[in-house]
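K.L.:
Please find one structure pasted underneath; my questions will follow.
Laboratory data are not the source of any read-out in this text; all were calculated from the coordinates shown. Computed from a predicted structure; not experimentally measured. Note that we place each Cβ from the backbone using ideal geometry, even for glycine, and neighbour counts take in every protein chain shown.
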Amino acid sequence: MSDINPCMTCGACCAYFRVSFYWAEADDAGGSVPAALTEPLSPFLRCMGGTNQKQVRCVALQGDIGGAVSCSVYENRPSPCREFAMSGEDGQVNDACNRARARYDLPPLYKDMLFHTGQDAARTALTELQLPAS
Ligand code: SF4
Ligand code: SF4
């Protein structure tokens with residue numbers, strides 16, 4: 001079992017789905033999502049830039065999918081991102097998560113997997129990974 005939150009080495013959902021949300025979630029309308037990183041979809045909807053195209057990749061996604069990734073607007077990400085559950089989280093399978101992972105040849109996550117999501121645990125695990133094999 002890995003101590004790393006799988007999302008930190010995935011990012012597939014940020015490069016698979018159109019991330020659309022009510023326009024007023026953006027910071028030019030009272031919300032917190034940086035409007036400059038969004039695109040208009042309809043009079044009432046916006047999406048994260050880069051997610052309404054054939055080769056989807058959110059403009060806020062940093063890093064390599066399947067490697068080390070992060071969201072540059074994590075604290076201000078829109079509601080679909082906040083609500084999207086990693087498969088296996090709280091013992092629930094999320095087929096959408098696994099579908100996105102499969103697109104990038106990443107293995108599915110199941111409900112009987114246990115994850116430690118603390119930053120300290122992730123840092124410890126990363127440090128261990130960087131140690132030379134004995
Ligand atoms: S596809 Fe699933 S595991 Fe990957 S970043 Fe999204 S929620 Fe996390
Ligand atoms: S805003 Fe962040 S969490 Fe949401 S799709 Fe973009 S990179 Fe992923």
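K.L.:
Would you mind getting me the FRET efficiency between Tyr22 and Arg103? Use the beta-carbon distance for r and R0 = 30 Å, nearest 0.05.
P.N.:
So, using R0 = 30 Å, E works out to roughly 0.65.
K.L.:
Note down the magnitude of the dipole of segment 6-130 about its Cα centre, charges +1 on Lys and Arg C-beta and -1 on Asp and Glu C-beta and zero elsewhere, to the nearest 20 debye.
P.N.:
In total the dipole reaches around 400 debye.
K.L.:
Considering the options Asn52, Ala35, Ala12, tell which one lies farthest towards the positive end of the dipole of segment 1-118, charges being +1 on Lys and Arg and -1 on Asp and Glu at the Cβ, about the Cα centre.
P.N.:
Looking along the dipole axis, the top candidate is Asn52.
K.L.:
Here is a follow-up. Could you calculate the contour length gain from Ala35 to Glu75, that is, 0.36 nm times the residue separation minus the distance between their Cα atoms, to one decimal place in nm?
P.N.:
Contour length minus the Cα-Cα distance gives 13.0 nm.
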